[in-house]
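Right, one structure below, let's go through it.
The values are calculated or read from the model by the stated rules, or taken from the named source; none is laboratory data. Predicted, not measured: the structure shown is a model, and the values here were computed from it. Cβ placement follows ideal geometry from the backbone for every residue including glycine, while neighbour counts extend to all protein chains displayed. In case anyone asks, the SASA skips ligands and DNA or RNA and just uses the protein heavy atoms, side chains included. Shrake-Rupley method; radii C 1.70, N 1.55, O 1.52, S 1.80 Å.
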Amino acid sequence: MRIDVVTIFPEMFAAIRESGMTRRALAGGQFELCVWNPRQYSGDNYRRVDDRPYGGGPGMVMMAEPLAGALDAARQAAGGRVIYLTPQGRPLTQSVVGRLALEPALVLLAGRYEGVDERLIETEVDEELSIGDYVLSGGELPAMVLVEALVRCLPGVLGNEESAQDDSFSGGLLDWPQYTRPEQFAGHEVPAVLLGGNHGAIRRWRLKQALGRTWLRRPDLLAGRELNDEEQELLESFKNEQKEMENSR
Ligand code: SAM
């Protein structure tokens with residue numbers, strides 16, 4: 001997959017070029033990252049990319065022309081749908097990530113200031129995505145969030161040990177609790193079933209915890225999911241245990 005990013009802060013993307021899973025995926029050729037600075041497409045001697053808003057008011061607005069120039073260059077180099085990261089976009093979810101990870105190329109647009117000229121969105125942008133109901137000063141971190149979420153879905157990026165298939169949201173549930181050595185920490189023990197080596201029992205325990213956690217923390221996820229007989233039974237058992245724990249307090 002190729003990802004092009006239009007940003008006035010290209011240096012911020014060193015964070016994903018130089019560290020962790022995204023660095024490995026770049027080195028392994030599973031994805032390519034190119035960054036385009038709209039300042040290079042500004043007609044202005046001072047390379048300005050922002051101006052005052054029509055109608056007055058505080059702040060500055062990113063001008064359409066330098067952004068359109070950078071987007072054109074990115075599209076000519078690689079093609080790809082243009083995604084504007086904005087708090088006004090559709091929420092970024094794992095299913096959106098899964099859909100976008102199938103694209104061969106994407107162009108991400110990171111805004112700054114009060115945002116970008118609306119006409120640029122109307123004429124150049126295919127999709128608008130938000131990483132949450134809060135406002136950041138720029139779209140670079142949201143773009144990096146999207147890149148990291150996309151890259152871990154690409155074939156060959158995560159080894160078996162890190163497989164994404166059991167992660168939260170992949171199967172419509174939150175992940176089960178994880179434990180590693182030592183067996184005792186601060187007076188708390190690892191659940192005995194995980195030490196017993198009975199793979200069937202471990203699978204059922206994990207499924208039960210995943211269902212229970214989702215019910216406790218994100219009931220909205222369960223509302224949109226049909227449970228099979230085993231899942232219903234495990235969730236009932238989790239709820240009963242929960243009630244018993246509450247009664248014994
Ligand atoms: N005035 C805009 C509004 O209220 O919708 C906010 C502009 S924000 C200060 C500047 C840039 O940060 C936006 O153009 C966008 O690219 C990015 N941004 C901020 N919060 C974001 C979020 N939650 N998701 C995605 N992008 C965001």
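Charge dipole (Cα centre; +1 on Lys/Arg Cβ, -1 on Asp/Glu Cβ; no other charges) of the chain amounts to roughly 420 debye.
Rolling a 1.4 Å probe across all protein chains gives Trp215 an accessible area of roughly 80 Å². What fraction, in whole percent, of alpha-carbon pairs in region 51-196 exceed 24 Å separation? Tail fraction, whole percent: 48. Residue-normalised convex hull volume from the C-alpha trace of the chain: 197 Å³ per residue. Averaging the sequence gap over all C-alpha pairs within less than 8 Å and six or more residues apart, then dividing by the number of residues, gives the chain a relative contact order of 18 percent. For region 184-248, what does the alpha-carbon gyration tensor say about shape, rounded, prolate or oblate, given a ≥ b ≥ c as the root eigenvalues, a/c under 1.5 as rounded, and a/b over b/c as prolate? Here region 184-248 falls in the oblate category. Extension gain for Ala164 to Leu136 (0.36 nm times residue separation, less C-alpha to C-alpha distance): 7.3 nm.
Summarising the strand pairing of the chain, around 15 percent of its internal DSSP beta bridges are antiparallel. Accessible surface for region 1-103, divided over its residues, is 54 Å² per residue with a 1.4 Å probe. Count Lys and Arg as plus one, Asp and Glu as minus one, and take only other residues whose Cβ is under 13 Å from that of Ile16; the net charge is then -1. The value for region 38-78 of Rg(Cα) / (2.2 N^0.38 Å) is 1.31.
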